[in-house]
Every structure is written in structure tokens, then in C-alpha cells.
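Report on the structure given below.
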Amino acid sequence: MSASLLLLLVLPFAGAIAAGLLPTYARNAASWLAGAVALGCLAVVWGTFPTVLSGSTVRYEAEWMPSVGLSFVLRMDGLAWLFSGLVTGIGALVVLYARYYMSDEDPVPRFFAFLLAFMGSMTGVVISGNLIQIAFFWELTSLFSFLLIGYWHQSAAARDGARIALTVTATGGLALFAGILVLGHIAGSYDLDAVLAAGERIRSHPLHLPALILILLGALTKSAQFPFHFWLPHAMAAPTPVSAYLHSATLVKAGVFLLARLWPVFAGTDGWFWIVGTAGLVTLVLGAYIAIFQHDLKGLLAYSTISHLGLITLLLGLGTELGLVAAVFHMMNHATFKASLFMAAGIVDHETGTRDIRRLSGLSRSMPFTSRLAMVAAAAMAGVPLLNGFLSKEMFFAEALSAPAPVPLLLDVLPLVAVIASAFSVTYSLRFIHGAFFGPDPVDLPRQPHEPPAWMRFPVEILVLTCVLVGVVPGATVGPFLHTAVQSVLGAATPEYSLAVWHGFNLPLLMSGIALVGGILLYMALQPHLWKGIDGPPLLRAFEGRRMFERTMVFLSWRLARSAERVFGTRRLQPQLRLILCVTLLAGVSAVLLRGAGPGNLTPSHVDPVLACAWAVGGACALGAAWKAKYHRLAALLLVGGAGLVTCLTFIWFSAPDLALTQLLVEVVTTVLLLLGLRWLPKRFQLPGRAGPEVIPRTRRLADLSIAVAAGLGMAALAFGVMTRMPPDLLARHFIERAYTEGGGTNVVNVILVDFRGFDTLGEITVLAAVALTVYALLRRFRPAADSVDVPEQQTAQSAYDRERPDRQEGDTVADWLLVPSVIARLLFPIIALVALYLLVRGHDLPGGGFAAGLTASIGLLLQYMTSGTQITEARVQVHPLRWMGLGLLLGAGTGLGAWLVARPFMTTYFGYAELPLVGKVPVASALLFDIGVFMLVVGATVLMLIALAHQSLRGHRAAPRRPQMREPDLAEAPAVGRARED
């Protein structure tokens with residue numbers, strides 16, 4: 001049973017990957033795949049219900065980083081089950097609806113890939129049993145909602161809406177993560193069960209209020225509560241299936257879900273009541289008021305969503321058990337009628353070509369079935385009796401009348417505000433129905449209105465039927481689900497409540513009647529003014545959230561950032577390095593002053609004269625490189641390589657062959673890449689009689705020298721202090737004794753990298769991939785300096801000789817002058833590849849490994865580029881760097897996840913013996929797969945950077961047409977490695 005939770009989480013992401021790999025216009029295949037995934041997830045959710053109904057919690061746990069007490073935990077209780085059912089059930093209906101809504105011209109597989117990934121992210125938020133996991137999936141929901149909102153990226157409105165949504169929700173997510181760290185510190189654990197059990201300790205802790213504020217920032221921004229409500233209407237630029245999904249069961253419900261989840265921890269305090277209650281109260285009224293004056297059907301529904309989320313937030317903020325019951329009940333009801341209303345609005349837009357209420361009217365005659373479905377759903381939203389919205393609204397009125405308040409005045413104000421907000425909801429519901437479906441026949445519509453396909457209307461029918469059934473027989477339909485969800489939060493404190501349709505003539509019923517009548521009268525009074533082109537709600541037109549957001553962003557990105565740039569920024573590298581080194585020195589000196597520093601407990605060994613001479617050579621190379629760096633870059637690069645070789649010899653001297661091998665390979669690769677980069681930089685000349693183009697004051701030179709000497713001495717002192725101290729726990733002995741028994745390898749260094757510290761290595765190769773992508777992105781827009789485009793004189797002379805030689809044949813290129821080196825390099829390439837394979841395979845027991853093997857293979861490719869040229873190499877060697885990098889990361893992470901299959905912590909090597917015919921037993925370790933992933937990523941990252949540099953030659957030739965003897969290369973002739981060529 002517990003393993004089914006892992007399937008529930010993994011299945012949407014696996015479906016997203018599969019959908020992304022489908023052809024661009026594989027509409028039916030992508031729809032069937034997405035539908036099967038959503039229904040499969042729904043089946044898994046239903047399979048856990050008997051256990052959840054009994055009051056138990058389904059829990060799946062796998063060790064993640066046991067050394068710091070972190071585990072990967074999935075947890076399904078009543079509340080998680082309810083939201084999982086909404087996410088997967090409504091998700092399945094949205095998939096069916098999207099199949100008919102999306103245009104044939106849209107890349108539908110990409111849409112469903114984003115949708116399934118978003119479904120998986122929301123499922124992760126709901127069923128995570130660890131606070132760190134919740135924060136991780138929380139940010140994933142922001143990321144994939146950004147992709148969904150901006151799906152029609154050709155539209156400026158979609159791009160702006162996606163940008164605003166990501167900025168607001170991701171910023172709130174950062175605050176949430178900070179609050180989670182504080183909360184975990186207070187509770188002593190990040191496990192959700194431990195945190196929920198530590199409510200009393202958390203509420204009495206001095207850090208309670210900071211943790212509460214940070215977590216509420218995350219929840220209120222995600223659920224679009226005042227003053228962060230402005231992002232949600234701009235998200236309406238997304239396709240309607242996305243809007244229906246985001247507003248009903250997923251993104252905006254994540255915030256109120258988190259409030260309900262942490263209700264036992266924070267509720268009952270003054271901070272909770274004032275922050276949550278005030279935000280909910282203001283949002284409830286403000287969203288309903290603005291919704292009345294919206295002319296776009298989706299805009300009206302967006303602000304109504306904001307208002308209903310405010311109602312839920314207000315109920316949670318009251319801090320009463322019955323308030324929680326009403327909030328959870330309204331979450332369910334809102335999901336059904338809001339999803340059906342968005343789908344109905346999408347049908348109107350799909351069949352008429354517009355969502356403007358001022359252009360729509362009389363659609364009930366041309367779209368009778370859709371209009372009746374929309375009427376029922378809108379009535380549920382307005383709180384009409386015998387529909388589900390009426391029941392949760394009655395609970396809201398009852399709580400508004402009886403909830404305790406710190407200030408007695410609120411006991412009188414809250415019921416009045418509840419009635420006013422409910423009247424507003426009736427008004428905008430009437431405008432939605434009357435404006436679109438009643439009145440004269442529409443004229444001058446982009447399309448002739450008609451009913452949609454039956455299967456496109458089917459999800460709306462299911463949701464509307466649910467609204468009716470819940471409204472008529474609530475106890476039999478949703479009673480067990482609601483009770484299970486509430487009991488999982490409140491436990492023994494679950495109050496008595498009734499889901500009966502009729503409670504007699506009481507004050508909440510009277511309030512409902514007043515709200516219905518008042519809403520109708522308000523609509524009749526406002527109706528003549530709503531079609532006069534009023535832009536925005538009266539009294540609030542000047543307070544537009546987007547305008548304030550844009551002004552804030554301008555202030556941060558222009559004024560504040562520019563001011564900081566003027567103070568700290570510079571176009572020159574030297575001042576930046578000066579600032580970085582000064583900050584580093586300050587941090588190091590501060591640590592020494594605070595903690596103190598003393599001699600090590602080991603006696604330093606004597607310095608060997610030979611090693612001292614080698615160090616002297618290395619130091620001289622470093623000083624020479626610094627001296628020559630400004631005007632003699634090639635000489636400086638060679639001297640830096642000399643210092644690197646001395647470092648390599650030092651590693652060999654101290655019996656560190658792995659480090660020496662890696663250092664040697666790194667020196668080769670980086671030196672060549674830097675050399676290729678220097679080729680395209682502008683030349684610098686030293687003027688006669690001057691120190692350079694600019695006169696540098698002596699004081700600044702002395703200051704730079706002092707900083708450099710202090711930084712070097714500080715690093716030397718740090719290294720000396722570390723090497724003269726014996727670790728208290730004999731760390732080296734620990735790794736040596738366990739390298740083979742637990743990691744399956746005798747090369748302790750490699751076992752540490754791929755097993756004991758494998759998580760660090762995975763992070764490092766991820767950073768390497770990010771660096772490679774950054775280098776490529778920067779160099780795509782880089783253009784060679786004017787004085788570096790000219791072909792060198794030696795190559796020009798050789799090219800002239802090649803054109804005049806007797807044996808020249810048609811088709812020979814200027815690369816023929818490197819014929820001998822290129823032939824040698826081609827012959828060496830298989831040998832280099834074999835050496836790389838040898839280093840890869842033996843790395844677990846002898847010096848080598850994936851990183852060294854990847855660098856070795858990269859050297860072979862570097863030789864090909866340098867001797868054969870860019871076009872010839874890419875025509876013969878088909879290495880796709882982006883695929884290699886992606887597969888390398890997937891293989892590395894997949895190997896780590898595979899450890900869970902044998903009940904081991906994440907990134908733990910599985911070691912065993914395999915019986916091979918004629919060979920016998922041979923050791924087998926999963927670390928080899930991880931090393932292969934490292935190998936692939938290193939090769940892909942190096943080749944990607946190499947492509948970015950090598951293609952500068954094509955730009956350089958294209959920018960110098962004045963040499964007619966040179967044939968201008970055509971990018972189309974160079975099948976770019978991994979399609980990374982210039983667009």
C-alpha cells in the first residue's frame with residue numbers, strides 16, 4: 001500500500017516525459033497518454049481510501065540523507081486523500097476537455113507534458129510528509145504554472161501573466177522555505193508528523209511569529225490573497241483548460257491547503273487570527289466587488305475565485321474547529337462549480353470567438369445545453385439552495401455569527417460583511433448568466449455560436465451533476481470524505497456538525513435570503529451602467545495591483561539595482577576580483593577572531609629540496625602569469641599551465657594519483673579552451689614609454705599587491721592548518737575500512753565521490769551543466785573583435801600555396817594545410833576513446849573514474865576540432881551535447897534513486913557479485929552507472945563549450961568577405977553537435 005504513494009507521485013512526471021517525447025502534432029496520442037496517467041493516478045488514490053477511512057495514515061519513507069536526519073516521506077491521510085482526489089479527478093476531466101479545446105495548430109504534446117508535470121508537482125505538495133519536500137514541490141508548482149500560463153508564448157499577455165505569476169508565487173515560495181527552516185528548527189525535525197505533534201512548543205517559542213509570518217507569505221501569495229491578489233487575473237491569458245485546473249483544484253488551492261495542514265500548529269494565536277483573518281476578509285469583499293465590473297467571462301471568474309479563496313482563508317483564520325470544517329467543505333464545493341464554470345466560459349469562447357460579455361447575449365437559444373449547465377454552476381457559486389455552494393455558505397454564516405473574536409466589535413461587523421460579500425457573489429453570478437445567455441441574439445460575433453462536441457461538454461456535465469447531488473444529499477455523497485479529511489487535521493477535537501439540507505428557520509437561513517434578494521436588487525440597479533464601457537470598478541480604478549507591481553519591479557530592477565551597480569559594479573574584472581577577495585578575507589579573519597586559531601597537533605614534516613625547487617618553479621610561473629596577463633595573454637596562459645603542472649607533480653609526490661591524473665587532464669582541457677577563447681579577444685598594445693593605455697596610480701598597485709599577498713598567505717595558512725591537524729574521528733581510517741565492504745571499491749577517492757559523498761558529486765555535475773549552458777548562451781551573442789577576424793598571415797600564405805599546387809583537386813578547402821596533423825588526430829581518436837573507456841571502467845578500484853574518463857574523451861574531440869576544423873569534425877563526429885548532458889544527469893539521479901529499490905539511502909552504492917560464464921564471480925557495483933553519468937555529462941558540457949568557441953570561426957569568416965579567396969562557410973553544411981549551431 002505504501003509503495004502506491006510513490007507510484008502516485010512518479011506516474012505524472014513519467015507521463016510528462018513521455019508526452020514531451022511525442023511528435024509535435026501527436027494530438028490523439030498525447031491526449032490518450034495524459035488521460036491514462038490521470039485516471040491511473042485517480043485509481044491509486046481510490047485504492048488508499050479504505051485505509052484512510054479507518055483513520056490510519058498511509059506512509060512511505062525512504063532514507064535520503066540520514067546523516068542530517070532527512071528522509072523522503074510520502075504521507076496520505078484524510079486531508080491529503082481529499083486533495084489528491086481533486087487534483088487527479090478534475091485533472092482527468094481537464095485532459096478530456098483540453099483534447100477538444102486545444103487547436104490543431106497547438107503543439108499539444110508539450111501542453112500535456114506541462115500539465116502532467118504540474119499535476120505531479122501539486123500531488124507532491126499534497127502527499128509530502130516532510131517540510132523540505134513541501135517547499136521543493138511548492139516551487140515546482142510555480143515553475144510549471146509559469147510554463148502553462150505562458151503556453152501561448154507568442155502572446156504578450158501570456159508572457160506578462162506568466163512572468164507576474166512566477167515572480168509573486170516564487171518570491172512567496174522563498175519566504176515559505178525560510179519559514180519552514182525556522183519551523184523545523186523550533187520543532188527539532190522537518191518530519192510533518194513531528195511538527196504537527198509539537199504545536200504547543202511551536203506556539204510558545206520566541207521564533208513562532210517570524211516563522212508564522214514567513215509561512216503565511218508563501219501561502220497567501222500562492223492563494224492570491226490581498227495584497228497579492230493581482231497576479232491571478234493576469235494568469236487568465238492561459239488556455240482555458242489551464243485556468244479551470246489552476247482555479248479549481250491545484251495552484252491557488254495550495255495556499256489554503258497549507259493553511260489547513262498547519263492549522264493544528266498555528267491556529268488559535270492572535271497572529272494567526274489577525275493576519276489570516278484580515279487577509280481573508282479583505283480579499284472576500286474586494287474580489288467579489290471587482291468581479292461585478294469585469295467584462296471578460298474569465299476575468300469575472302478569476303476575481304470570483306479570489307473572493308471565494310478569501311472566504312476559505314477567513315474561515316481558517318477564525319481559529320475554530322467548525323470554521324475548519326466549513327473551509328474544507330467549501331474547498332470541495334468551490335473546486336466543482338468553479339471548474340465547470342471555467343469550462344463553460346471556454347466553450348463560449350471556443351464556439352463564438354469572444355469572452356466579452358458586452359458582445360455576448362442570447363446564447364441560450366444557440367447553446368441550450370451549455371447555457372443550462374452554466375446556470376446551475378453559477379447558481380451553486382451564488383449559494384442558491386439545493387446546490388453545494390449553499391451548504392458551505394450556510395456554514396460560513398453560522399461561523400460568522402458564533403466565532404469568538406479578540407475585539408467584540410468584530411462580532412457585529414463580521415456577519416454584516418458576510419452578507420454583503422454573498423450579495424456581491426449573487427450579483428456577479430447573475431451578470432455571468434444574464435449577460436452571456438439571455439437577451440437578444442448576438443450580432444457580429446467572430447464565429448457562429450453552436451453547441452460543442454458532446455465529449456467536450458461531458459466534463460462540465462459531470463461537475464454540475466456533482467454540484468446538484470452534493471446539494472441535495474450531502475451526507476451520502478461527500479459526508480465520509482469530509483469527515484475523514486477533518487478528522488485527519490483535528491483528531492479527537494473533531495466537532496459535531498450536520499450536513500443536512502434543512503436546519504429549520506434560523507438566522508443563517510435569513511442571512512442567505514437577504515444576500516440572494518440583495519444581490520438581485522443590486523444587479524438590477526447596476527445593470528444599466530455595466531454596459532456603458534466602464535473600465536474597472538468604481539472607487540478602485542486608481543488602485544490597480546499590476547501597476548503597483550510594475551512600479552515595484554522598476555524600483556528594484558532599475559533604481560535600486562542601478563544604484564547598487566554604480567557602487568559595486570564595474571565593467572572591468574580587476575575591481576570585481578578585488579571586492580570578492582576583500583569580502584573573502586574579511587570572512588576568514590572574522591572567523592579566526594571569533595573562534596581563534598592555534599597550531600596543529602601534528603609535527604610538520606621536513607621540506608624536501610626537490611619538492612621545494614618544484615614549488616619555486618610553480619611560484620615563478622604564477623608570478624610571471626600575473627605579470628604578463630595584460631598584454632601577453634598567450635605567455636600568461638602557458639605560465640598558468642606551468643603552475644598547474646607543478647600542482648600535478650605535488651599530488652604525485654604526496655601519493656595522490658587520482659588528483660594528479662584529474663589535475664593533468666583539467667590543465668589540458670582548460671588550457672586549450674582558454675586558448676581558443678583568447679583567439680577572438682581584441683589585441684592589446686603597450687604604448688611606448690607608458691605602463692599601458694591608462695596610468696595606474698602606484699597606491700592602487702600597492703593595494704592590489706597587498707590584497708593578493710594577503711589572500712595567498714591566508715589560503716596557505718588555511719591549508720597548512722588543515723594538514724597539520726589529526727581529525728578527531730580518524731576520518732581517513734573510516735573511509736579506508738569501509739570503502740570495499742560498503743562501497744565495493746578499493747579506490748577510496750572514487751568510492752567517496754560516487755558513494756559516501758555521491759550527493760555532493762551529483763550537485764557538482766549539475767553545476768557543471770549549468771556553467772556549460774551559460775557559456776554557450778553568452779557566446780551565442782558574442783561577436784569576434786574586428787582585429788581578430790583577419791586570417792593569420794601564415795594561413796593566408798599556406799592557402800595561396802594550396803590553391804596553386806599541381807595536385808589540388810576540386811573541393812579541397814583551406815583546412816588541407818593541416819592535413820598531416822588532422823590524419824594523426826583521426827588515428828589517435830579511437831585510441832583516446834579506448835583510454836577513456838579504460839579509465840572509466842577501472843575507476844572504482846584504480847585511479848580513474850567518470851570525470852577523468854570524460855576529460856580524456858574531451859581531449860580527443862578537442863584535437864579533432866583543432867586539426868580538422870569545425871565543419872569537418874561536426875560532419876563526422878556526431879556528439880549531441882545537450883542529450884549527453886541530460887542523459888548524464890538522469891543516469892546519475894536515477895542511480896541514486898535506484899538505491900531505494902534495495903532499501904538503501906539515496907546515492908548509496910549497491911555492491912554484489914555476478915556469476916559470468918567462463919569467468920566466474922566478478923564484482924558489480926552500481927557506482928559504475930553513476931560514473932557513466934558523470935562521464936556523459938563531462939563530455940557533453942565540454943563539447944558544448946567547445947562548440948560555442950569553435951563557431952566563432954564561422955562568424956569570423958562570414959564577417960570578413962573582403963578576402964575572396966576564402967570560401968565562406970555555410971552553417972547549414974555543419975550539422976551542429978546537438979543542434980547547437982548558430983540560429
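The values are calculated or read from the model by the stated rules, or taken from the named source; none is laboratory data. Predicted, not measured: the structure shown is a model, and the values here were computed from it. We place every Cβ from the backbone using ideal geometry, glycine too, and count neighbours over all the protein chains shown.
Computed values, structure above
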quantity: Filter pass, Ala29 being in a helix (DSSP H, G or I), surrounded by fewer than 17 Cβ atoms within 10 Å (Cβ to Cβ) and free of Cβ contacts under 8 Å to residues at least 40 places away in the same chain; calculated: no
quantity: Any hit, the range 854-874, residues being modelled with pLDDT of 90 or more, part of a helix (DSSP H, G or I) and closer than 30 Å to Ala14 by Cα; calculated: yes
quantity: The range 539-562 - residue that is surrounded by 11 or more Cβ atoms within 10 Å (Cβ to Cβ) and over 29 Å from the mean Cα position of the chain (by Cα) and, of those, modelled with the highest pLDDT; calculated: Leu540
quantity: Residue check for Phe397: of a type in the set (Phe, Trp, Tyr) and closer than 25 Å to Gln448 by Cβ; calculated: no
quantity: Residues of the range 599-634 classified as over 24 Å from Arg679 (Cβ atoms) and either of a type in the set (D, E, K, R) or in contact with a strand residue (DSSP E or B) (Cβ under 9 Å, 6 or more places away or on another chain) (or both), total; calculated: 1
quantity: Of residues in the range 501-521 being in contact (Cβ under 8 Å) with a residue 40 or more places away in the chain and surrounded by fewer than 18 Cβ atoms within 10 Å (Cβ to Cβ), the one farthest from Gln294 (Cα to Cα); calculated: His503
quantity: Considering residues of the range 166-208 that are among the hydroxyl-bearing types (Ser, Thr, Tyr) and touching a residue at least 40 places away in the same chain (Cβ under 8 Å) only, the residue surrounded by the fewest Cβ atoms within 10 Å (Cβ to Cβ); calculated: Thr171
quantity: Failed criterion for Arg358 (all others in (1) crowded, with 22+ Cβ neighbours inside 10 Å; (2) of a type in the set (Lys, Arg); (3) farther than 26 Å from Val501 by Cβ hold); calculated: (1)
quantity: Options Val95, Val125, Val87; residue that is part of a helix (DSSP H, G or I) and either free of Cβ contacts under 8 Å to residues at least 24 places away in the same chain or within 18 Å of the chain's Cα centre (by Cα) (or both); calculated: Val125
quantity: Residue check for Gly714: surrounded by 12 or more Cβ atoms within 10 Å (Cβ to Cβ), at pLDDT below 85 and either under 40 Å from the mean Cα position of the chain (by Cα) or under 30 Å from Lys630 (Cα atoms) (or both); calculated: no
quantity: Long-range neighbours under 9 Å by Cβ, at least six apart or interchain, first residue of a type in the set (S, T, N, Q) within the range 426-439, second crowded, with 19+ Cβ neighbours inside 10 Å and not in a helix (DSSP H, G or I); calculated: Ser429/Gly383; Ser429/Val384
quantity: For Pro239: the one exception among (1) at pLDDT 90 or above; (2) farther than 17 Å from Ala117 by Cα; (3) assigned by TED's automatic domain parsing to the domain that holds Val168; (4) surrounded by fewer than 24 Cβ atoms within 10 Å (Cβ to Cβ); calculated: (2)
quantity: Residue in the range 484-500 that is surrounded by the most Cβ atoms within 10 Å (Cβ to Cβ), counting only those that are part of a loop (DSSP other than H, G, I, E, B) and in contact (Cβ under 8 Å) with a residue 60 or more places away in the chain; calculated: Leu499
quantity: Any hit, the range 133-140, residues being of a type in the set (Gly, Ala, Ser), more than 22 Å from Met343 (Cβ to Cβ) and either touching a residue at least 40 places away in the same chain (Cβ under 8 Å) or outside the structural domain of Thr240 (by TED's automatic domain parsing) (or both); calculated: yes
quantity: Qualifying helices (runs of 4 or more DSSP H) (wholly inside the range 367-452; at least 3 residues being within 22 Å of Leu318 (Cα to Cα) and in the same structural domain as Ala500 (by TED's automatic domain parsing)); calculated: 388-402, 409-437
quantity: Yes/no for Pro404 being out of contact with any Cys (no Cβ under 9 Å at 6 or more places or on another chain) and surrounded by 15 or more Cβ atoms within 10 Å (Cβ to Cβ); calculated: no
quantity: Ile202 vs. criteria in contact with a helix residue (DSSP H, G or I) (Cβ under 7 Å, 6 or more places away or on another chain) and at pLDDT 95 or above; calculated: no
quantity: One residue from Tyr151, Tyr190 being of a type outside the set (D, E, K, R) and closer than 24 Å to Ile17 by Cβ; calculated: Tyr151
quantity: Residue match in the range 293-304 (condition: acidic (Asp, Glu), under 27 Å from Gly78 (Cβ atoms) and either modelled with pLDDT under 95 or assigned by TED's automatic domain parsing to the domain that holds Leu530 (or both)); calculated: no
